[in-house]
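Visitor: Here you go, one structure.
No value in this document is a laboratory result; all are computed from the given coordinates. The model shown is predicted, which means the values in this text are computed figures rather than measured ones. Note: ideal-geometry Cβ built from the backbone for every residue, glycine included; neighbour counts use all protein chains shown.
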Amino acid sequence: MTQLDRQEWDVVVVGAGGAGLRAAIEAREQGARTAVICKSLFGKAHTVMAEGGIAASMGNVNSRDSWQVHFRDTLRGGKFLNQWRMAELHAQEAPDRVWELETWGALFDRTADGRISQRNFGGHEYPRLAHVGDRTGLELIRTLQQKIVALQQEDKKEFGDYEARLKIFQECTVTRVLKDDGGRVSGTFCYERESGRFFVLEAPSVVLATGGIGKSFKVTSNSWEYTGDGHALALLAGAPLLNMEFVQFHPTGMVWPPSVKGILVTESVRGDGGVLRNSEGKRFMFEYIPDVFKEKYAESEEEGDRWYDDPDNNRRPPELLPRDEVARAINSEVKEGRGSPHGGVFLDVSTRMPAERIRRRLPSMYHQFKELADVDITAEAMEVGPTCHYVMGGIAVDSDTAAAIAVPGLYAAGEVAGGMHGSNRLGGNSLSDLLVFGRRAGLHAATYAAALTGDGLRPPVDEAQIDAAAAEALRPFSAEEPEAGASSEGVVAENPYTLHQELQQTMNDLVGIIRREAEMRQALEKLAELRVRARRAGVEGHRQFNPGWHLALDLRNMLLVSECVARAALERTESRGGHTREDFPAMDRDWRPVNLLCQLADPAGDLAVIDPVLAQIELVRKTTVPIRPDLLALFEKEELVKYLAEEELYE
Ligand code: FAD
C-alpha cells in the first residue's frame, strides 16, 4: 500500500481560474469544506490572460439589449449546436454575475454617465462586453481571490484557522480522479510539483475546472497549463466528452517574430474599429459574409464605417463576424497569395483612433507589439493570422447542475465543460460562462456532498487505485526498463519534449483549421504510434521540480484528448463553426441534431487496470434534446429553416 498524506474535504475543485474560483466560493458559502488545487501558482491561471471582456446583456450602452438577444446571438454563433438550456441560463444569469463581481470589488471601465461600460465584439448584436481596458481577466481573478481571502478571514474569526473551510493547494497537479466500488467519486490523486510528493484529497465531490487543450497544437494562444488534463481525467474516470471536433482558431494571433507566433491579438482591436486588409490593401472581409449572416452585416465600407457612430441605422462591418468566419477568410487570403510578408494579413487600428486613445483602450496590445515585434500599433498595421485558442468540446454535463454524465460526484465548469458554446464560442462568452457555471457547479457539488456526510456515507477511497496511480506517475523514471517477460533489446526511452513536438506538429498540420479525411486518418495513425511511444517517455533526475517529468505525465492527457478531437472531426462530415472540412465545405442541417460523444470503450472497467495505451476510445452519436418552443420563437422562421433539420422543423 502506498504511504502518502491524505486529507478529507467535502468538495475538491481542480483549477483556480475563473470557473474554479467561482465554484470554490459558492461551495464554501454553502458550508462545504472546500479544497482548491491548481498546477500553476495561485493567481496565474489562464483566465488572467483574458483581454476583451465579459459578455452580459446589462444594456448599459444600448438599452435594447436583453437576455433573449444574447441567447439568440450565442445560438447563432454556435450554429445552433449549443446545449440550449446552458445558453439560456448563461444569458439570463450573466448580468447578475457581473454585478456581483462589482460588489466584491471589481473596478470596470465606466460610461460617461458612470455605468459599467460595454464594448462591441464579434457576433454580439449590441455592445455587451464589460471590461477593464484589455486586462479584464486579471481583474476578474484579482476580485475572486480577494473574495476568497475575505472568506478565509471569516473562518479565522470563527475557527481560529484561515484554512478551516477553504484551502488552496498551489503548484500541485491532479493525475487521477478516484472512485469507489459503486463508481462514485471518492477523491483525487495529486502530486506537488516542487517536491514531487504524492498526496490524496478525499472528497465525495470533485469539480473539474482545468481549462482547455491548446498545448496539443503548435500555434496557440494558450499558456503551458492547457494540456487537456480535466478532459482526460473525466474520460479516464468514465465520463464522456462532447463534440470534441469543435476547436476555435482565433483569427488574430501574432505571426511574427517566430518566438511569439500564436500570441493573441484581442478581438477588441476589431471591436474598436480595427480593419483587416490583404497585401493588395483590400478590406477583404466583405467578400466572405456567409448567406446566414447576409442581412446582419454591412455591404459596403461606408456603411460599416457609419455603424460605429450610428449602430441603429447601419449594419455592422464584417470584421465583426463570428471568429470561425474571420479565421477561415484570413486562411483563404493567405492561401491565395494575398498574405502579409510573414504569412498573415494586416490588422490596422491606427487609422481609426488617435494614438493616445489606442494606448488607453488597448494598453496590453500596444506594449505586446512594441516589445515583442517592434511595431507601433498607433502608427502602423499589425500582421495577424489564425491561432488555436479555445475548445468548445468538453465534458458532457447536465445543463442546470454542471454534473458530469455517468459519474456521480463529478462536476465540470468553464472551458473544460462542453455544450454551452455549440460549434463556436462568441468572444466574451467564456468569462461569463465561468462565472455562471462555476457558481452552479460549486452549488450542486456542495449539495451533493452534504447528503453524504455522516458515518459510512462517504464513498471510500480504493487502495488499489492509489497504488496504480502512484505506479503510473512514477513510470517515466523507469521508462527504459522493458515490460516483465519482454526482451530488453531495442527498448529506448523516449524524450517527452520530442513526443510533444511531434504531437503539436501532427495536430497543427493534420487536424487544424481546414481538415481533410486522408489527413485525419494519417493523424490517427500517428497518434496511436505516439501513445505507444509515450508509455516509454523517460526522464532523468529526481522528483523535485522536474519539468520533463511533469510533461511526460501531461502527454497522456494531450494524446487522449487529441485522439478524441481527430476521431470526432473525421466522423462529422460537414463544416460547422470550429470544424471545417475541405471535403464537406457546407453546413448540413441533418447534422444539427447530432452530438458526438467520445468515451472509453470500457467505462466500467476497473480504473486500476486501465492503461492509457490500452484504453480504447469509442465514438457514439447521440440525438440532441429538442430546443424548447418558446426559445425557438425568438427567431424568425426563415432563419430557423437555414439551421434546423427537416424533422425538427415539422416538430
Ligand atoms: P483557467 O483559467 O485556465 O484555469 C485552469 C486552472 O486549472 C489553472 O489554475 C490550472 O493551473 C489548473 N489545472 C489545469 N490542469 C490541472 C491539473 N491536472 N491539476 C491541477 N490543476 C490543474 N474569454 C472571454 O470571455 N473574454 C476574453 O476577453 C478572453 N480573452 C482571452 C485572451 C487570451 C489570450 C486567451 C488565451 C483566452 C481568452 N479568453 C477570453 C478565453 C478565456 O480566458 C478562457 O476560456 C477562460 O479563462 C478559461 O477559464 P477556466 O476557469 O475554465 O480555466
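Visitor: Which Cys residues of the chain have no other Cys beta carbon under 4.7 Å away?
Guide: Here 38, 172, 190, 388 come out as lacking a disulfide-compatible partner, given the Cβ-Cβ threshold of under 4.7 Å.
Visitor: Please work out how much length the chain gains when fully extended from residue 508 to residue 525, using 0.36 nm per residue of separation minus the C-alpha to C-alpha distance, in nm with one decimal.
Guide: Value of the extension gain: 4.6 nm.
Visitor: What dipole magnitude, in Debye to the nearest 20, does region 94-170 give about its Cα centre under +1 on Lys/Arg Cβ and -1 on Asp/Glu Cβ? Write down the numbers at each step before the final one.
Guide: Working: 12 positive and 13 negative charges, 26 e Å.
For region 94-170, the charge dipole is close to 120 debye.
Visitor: So, by mean Cβ neighbours within 10 angstrom, what's the order for 496-507, 243-254, 393-404, 631-642 with the highest one leading?
Guide: Packing proxy ranking, top to bottom: 243-254, 393-404, 496-507, 631-642.
Visitor: Hey, what did region 1-116 get for relative contact order, percent, Cα under 8 Å, at least 6 apart? Present the calculation step by step, with values, prior to reporting the outcome.
Guide: Values: 95 pairs, mean separation 21.2, N = 116.
About 18 percent, as a whole number.
Visitor: Okay, next question. Quick one: check the C-alpha center-to-center distance for region 298-331 versus region 1-55, whole angstrom.
Guide: About 39 Å separates the Cα centre of region 298-331 from the one of region 1-55.
Visitor: What's the FRET efficiency of residue 41 with residue 164 using the Cβ-Cβ distance as r and R₀ = 22 Å, to the nearest 0.05?
Guide: 0.45
Visitor: While we're here: Given the -39500 (n - 2.57) contribution per DSSP H run of 4+ residues, what per-residue ellipticity at 222 nm results for the chain, rounded to the nearest 500 deg cm²/dmol?
Guide: -11000 deg cm²/dmol
Visitor: What FRET efficiency comes out for the pair residue 467/residue 197, r = Cβ-Cβ distance, R0 = 22 Å, nearest 0.05?
Guide: 0.85
Visitor: Given axes a ≥ b ≥ c from the Cα gyration tensor, I'd like to know whether region 74-156 is rounded (a/c under 1.5), prolate (a/b larger than b/c) or oblate. Before the final figure, lay out the partial values.
Guide: Numbers: a/c = 2.55, a/b = 1.45, b/c = 1.76.
It is oblate, given that a/c is not under 1.5 and a/b is not larger than b/c.
Visitor: Which order do the peptides 369-382, 209-222 take when ranked by the mean count of other beta-carbon atoms within 10 Å per residue, highest first? Write out the running numbers ahead of the final one.
Guide: On the way: 369-382: 16.1, 209-222: 27.7.
By packing density, highest mean first, the sequence is 209-222, 369-382.
Visitor: If you rank 367, 342 by fewest surrounding Cβ atoms within 10 Å, what's the result?
Guide: So the residues, fewest neighbours to most, are 367, 342.
Visitor: How high is the relative contact order of region 89-217, in percent, counting Cα pairs under 8 Å that sit 6 or more residues apart?
Guide: 12 percent
Visitor: Please state the shape class of region 42-83: rounded when a/c is under 1.5, otherwise prolate if a/b exceeds b/c and oblate if not, all from the C-alpha gyration tensor.
Guide: Taking the square roots of the gyration eigenvalues as a ≥ b ≥ c, region 42-83 is oblate.
Visitor: Okay, next question. What does the extension gain come out to for residue 633 and residue 312, with contour length at 0.36 nm per residue minus their alpha carbon separation?
Guide: Answer, rounded to one decimal: 113.2 nm.
Visitor: Let me ask something additional. Given axes a ≥ b ≥ c from the Cα gyration tensor, I'd like to know whether region 382-509 is rounded (a/c under 1.5), prolate (a/b larger than b/c) or oblate.
Guide: Verdict is oblate for region 382-509.
Visitor: At a 10 Å Cβ-Cβ cut-off, how would you order 308, 650, 411, fewest neighbours first?
Guide: Ranked by crowding around the Cβ, least crowded first: 650, 308, 411.
Visitor: So, one more: Filter the DSSP H helices in the chain by two things, a Kyte-Doolittle mean of at least -0.5 and an axial alpha-carbon span of 27 angstrom or more, and list the hits by number.
Guide: Qualifying helices: 429-450, 547-571.
Visitor: Let me ask you something else. Please give the FRET efficiency for residue 602 paired with residue 6, using the beta carbon to beta carbon distance and R0 = 30 Å, rounded to the nearest 0.05.
Guide: It comes to 0.60.
Visitor: Distance between Cα centroids, region 558-581 to region 422-436: provide it in whole Å.
Guide: When both Cα centres are located, 20 Å separates them.
Visitor: In nm, give the distance between the simple-model label positions of residue 149 and residue 107, each being 7 Å from the Cα along the Cα-to-Cβ direction.
Guide: Calculated label separation equals 1.4 nm.
Visitor: Let me ask something else. Evaluate the relative contact order of the chain (contact order divided by residue number), counting alpha-carbon pairs under 8 angstrom at least 6 apart; express in whole percent.
Guide: 20 percent
Visitor: Report, in whole Å, the centroid distance computed from the Cα atoms of region 637-651 and region 160-210.
Guide: 46 Å
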